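K.L.:
I have a structure I would like to understand better, so I am pasting it below and will then ask my questions one at a time.
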Amino acid sequence: MKKITYLFFTFAFAFLINACSSEEKIENEFAFAEYKIGDEILLKSVNGGEKTLVRTQNGFVVKGEENKILMFDFFGTFCTPCQEEATHLTSLWQKNTDNFIIMGLSHFENVSDQTVKDFAIKYGAYYFLSNSKENDRIVAQALKDINYQSMEQLPFKVVLKDGIYQDLTDFWNKDSKNYVKYYLGKVSTEIMQEDITRILNGSKK
């Protein structure tokens, strides 16, 4: 019994230091205006450039890059795990740039573009980073799309291909044979790469 208790608390501690939690609960479907099919959302990156999201039946694609895998990374500049994984996400994006887009959406904070840019420079986050006021609505829509019912934690990621949310490895339950629709907390980019490769191979069949 002591061993089981010890393992439980060890796991719980490991999870807590790899995710930034919030008291905020998932908003219900009436708390935000849902996007309609075909809606376009123009986002600008603090690192330069802009991309337009297009609402599909149950997800999103990037206009002009519809065939690419799209990862939404919900992050906060204050979040230690977000800071720690930023440079690894840059490497992941660079290795897969022909088929893969990362869109970081600042969340749980109201900060200036310069603060997000400083985050990018300090922690090596050179992928697309949006600090738009539209971010929270996109996050709320994505969480509703995947029917996520638990407390929000950062970082939090979802992955889409052809406007459809993809099955992802359950990093915190590695013995499980079941997939989930999100990455919660700081997840190894090796796991992400395996999922990206699987998704790409599946789309080529």
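The values are calculated or read from the model by the stated rules, or taken from the named source; none is laboratory data. Remember, it's a predicted structure, so these values are computed and weren't measured experimentally. No Cβ is skipped: glycine too gets one built from the backbone with ideal geometry, and neighbour counts run over all protein chains shown. Only protein heavy atoms, including side chains, enter the accessible area calculation; ligands, DNA and RNA are left aside. Shrake-Rupley method; radii C 1.70, N 1.55, O 1.52, S 1.80 Å.
Yes or no, residue by residue, for (1) at pLDDT 65 or above; (2) in a loop (DSSP other than H, G, I, E, B); (3) under 15 Å from the mean Cα position of the chain (by Cα); (4) not aliphatic (A, V, I, L, M):
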residue	(1), (2), (3), (4)
F13	no, no, no, yes
I26	no, yes, no, no
Q57	yes, yes, no, yes
N67	yes, yes, no, yes
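One line per residue, one yes/no per condition, for (1) open to solvent by less than 30 Å² (accessible area, probe 1.4 Å); (2) among the charged types (D, E, K, R):
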position	(1), (2)
S132	no, no
R137	no, yes
L143	yes, no
Q149	no, no
E152	yes, yes
K161	yes, yes
W172	no, no
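K.L.:
Give the stretch 77-129 a look and list any residue that's open to solvent by 50 Å² or more (accessible area, probe 1.4 Å), over 17 Å from K186 (Cα atoms) and assigned to a helix (DSSP H, G or I), or say none.
P.N.:
Passing the criteria: Q94, K95, D113, Q114, T115, K117, D118, I121, K122.
K.L.:
Can you find a residue that is of a type in the set (S, T, N, Q) and either surrounded by fewer than 17 Cβ atoms within 10 Å (Cβ to Cβ) or part of a helix (DSSP H, G or I) (or both) anywhere in the stretch 175-185?
P.N.:
Looking through the stretch 175-185, at least one residue is of a type in the set (S, T, N, Q) and either surrounded by fewer than 17 Cβ atoms within 10 Å (Cβ to Cβ) or part of a helix (DSSP H, G or I) (or both).
K.L.:
In the stretch 149-183, what residues are in contact (Cβ under 8 Å) with a residue 12 or more places away in the chain and charged (D, E, K, R)?
P.N.:
E152, K157, K161, D162, D167, K181
K.L.:
Same structure again: Taking the stretch 60-76 as the region of interest, how many residues are without any contact (Cβ under 8 Å) to a residue 24 or more places away in the chain and open to solvent by 70 Å² or more (accessible area, probe 1.4 Å)?
P.N.:
1
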